[in-house]
Amino acid sequence: MVAAASSYSIQATSSVASARAQLKPQSDSLSSSSLSFSSQLQPFSIKSLRTTGQLHLQRVSAVVRAVINSDTMEVDISLSPRVNSVKPSKTVAITDQATALAQAGVPVIRLAAGEPDFDTPAAIAEAGINAIREGHTRYTPNAGTLELRTAICHKLKEENGISYTPDQILVSNGAKQSILQAVLAVCSPGDEVIIPAPFWVSYPEMARLADATPVILPTRISENFLLDPKLLESKLTEKSRLLILCSPSNPTGSVYPRKLLEQIAEIVARHPRLLVLSDEIYEHIIYAPATHTSFASLPGMWDRTLTVNGFSKAFAMTGWRLGYLAGPKHFVAACGKIQSQSTSGASSISQKAAVAALGLGYAGGEAVATMVKAFRERRDFLVDSFGELPGVKISEPQGAFYLFLDFSSYYGSKVDGFGVISGSESLCRYLLDKAQVALVPGDAFGDDTCIRISYAESLTTLQAAVERIKGALISLQPAVAV
């Protein structure tokens with residue numbers, strides 16, 4: 001509403017104006033011949049603040065000036081330096097843009113999101129419906145219902161070989177919340193969070209939100225993207241507070257064998273301050289002969305380990321938003337304190353559905369086994385299909401539903417009307433423009449040589465995507481060293 005006696009003008013610093021310019025869409029209309037997500041992927045640029053190789057963080061500010069009856073009032077709309085240090089999620093940005101393009105009628109194949117294409121199993125959905133009908137629609141205890149926490153304890157004992165009591169379990173609104181709260185609870189400013197790369201995009205940003213420093217340890221595709229224990233030991237310092245492991249891995253699908261985890265555990269045991277956050281959200285999506293080992297089940301590691309799991313991936317319950325943390329009571333209670341002052345307890349309806357999920361049988365029973373079988377067929381198809389392309393390096397995933405392919409041999413190609421393929425982001429932009437397939441650049445996961453393909457889509461959809469990608473890559477063939 002505009003008052004007759006009032007006029008409004010907005011003045012911004014050049015830094016904010018620059019940031020807005022980066023976020024401005026490249027076009028007011030969507031065109032299948034000119035698609036790009038680069039503008040959405042760029043966080044606020046601080047390159048202009050770099051002097052002599054050193055980054056100086058400056059407070060970004062803007063002033064809104066409202067002139068009312070000749071009186072001037074200034075409102076500070078600056079953002080926290082902590083928030084300005086955090087990068088937006090590229091997976092979310094690409095997924096959102098691909099969805100917008102599809103809604104606008106552009107036939108984009110979306111292989112960016114980590115979301116199963118299956119419906120939630122009927123028994124789980126029915127339990128949620130019954131929860132509504134039976135009046136289970138009120139607040140639950142902050143930590144989750146006793147019924148669900150007891151069921152989680154039973155699952156962890158029977159399937160993972162680790163024992164907990166209900167007061168050592170915290171149910172949250174998704175595993176992402178569980179991880180963030182764990183990082184906030186145990187890390188102090190200046191602490192180091194050790195993260196093997198490629199990594200899930202949110203791990204480093206969560207460390208920054210806790211005023212901790214992410215320390216990235218690279219891995220090699222030739223070693224199936226598994227952490228080298230010798231490298232880990234060489235990078236640990238007195239500031240090392242948390243090691244994050246994800247097995248099966250997002251984005252690589254790699255699974256840590258028990259022997260390697262035991263070697264890592266021996267190193268961890270020699271560092272009193274070092275804790276381990278074991279992200280096991282993909283544990284049931286695993287392909288034989290690979291097997292899952294919970295880090296907390298290793299000798300001496302129970303006291304050191306914060307185990308995170310949830311229901312989104314294996315049970316196709318992404319929209320139900322439910323995850324959990326298991327660990328020593330001291331740490332779990334600290335995470336519960338954070339949750340009590342932020343979201344409070346998770347959805348009562350989702351918790352009833354989760355009890356039904358855990359009642360489907362060992363590892364999710366037939367419902368989960370059926371989905372895993374389909375994921376494996378899709379994986380095999382993609383591995384065979386991309387294996388036919390010259391210059392592409394593949395580490396066959398042993399779990400999850402991602403393929404992390406090395407396309408770096410295509411970098412350096414020049415494409416008429418597009419430009420140079422300089423890295424994973426420009427390659428993904430090119431594939432979105434040319435093939436209308438949305439993928440995630442590897443630089444989002446800490447490895448610019450690769451791109452991530454989610455095969456949580458039907459085999460028919462994947463077949464169409466492969467044909468499009470192969471067609472688009474023909475123009476880049478001259479850059480490939482065969």
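The values are calculated or read from the model by the stated rules, or taken from the named source; none is laboratory data. What you are looking at is a predicted structure, and each value in this text was computed from that prediction instead of being measured. FYI the Cβ positions are ideal-geometry reconstructions off the backbone, even for glycines, and counts take in every protein chain you see. Protein only, heavy atoms only, side chains kept; ligands, DNA and RNA dropped before computing areas. Shrake-Rupley method; radii C 1.70, N 1.55, O 1.52, S 1.80 Å.
General remarks:
- For region 286-302, the criterion of being among the aliphatic types (A, V, I, L, M), part of a helix (DSSP H, G or I) and closer than 30 Å to C187 by Cα is met by at least one residue.
- Test: residue in region 149-170 that is without any contact (Cβ under 8 Å) to a residue 24 or more places away in the chain, within 30 Å of Y455 (Cα to Cα) and not β-branched (V, I, T): no
- Restricting the search to helices (runs of 4 or more DSSP H) fully inside region 339-450 and requiring at least 1 residues that are in contact with a strand residue (DSSP E or B) (Cβ under 6 Å, 6 or more places away or on another chain), within 15 Å of V466 (Cα to Cα) and not hydroxyl-bearing (S, T, Y) gives 365-386, 424-434.
- Selection within region 214-230 - open to solvent by 80 Å² or more (accessible area, probe 1.4 Å) and either of a type in the set (K, R) or closer than 19 Å to E192 by Cα (or both): P218, R220, K230
- Within region 95-112, the set of residues being open to solvent by less than 40 Å² (accessible area, probe 1.4 Å) and either touching a helix residue (DSSP H, G or I) at 6+ places or on another chain (Cβ under 7 Å) or of a type in the set (G, A, S) (or both) comprises Q97, A98, A102, V108, I109, L111, A112.
- Scanning region 195-209 for residues that are crowded, with 23+ Cβ neighbours inside 10 Å and of a type in the set (A, V, I, L, M, F, W, C) yields I195, F199, W200, M206, A207.
- Identity of the residue in region 337-371, within 22 Å of the chain's Cα centre (by Cα) and open to solvent by less than 20 Å² (accessible area, probe 1.4 Å), that ends up nearest to N173 (Cα to Cα): A346
- Taking residues in region 248-262 that are of a type in the set (D, E), and partners anywhere that are surrounded by fewer than 24 Cβ atoms within 10 Å (Cβ to Cβ) and at pLDDT 95 or above, the pairs with Cβ atoms closer than 7 Å and at least 6 places apart or on different chains are E262/L298.
- Region 417-458 - residue that is of a type in the set (K, R) and at pLDDT below 95 and, of those, least open to solvent (accessible area, probe 1.4 Å): R429
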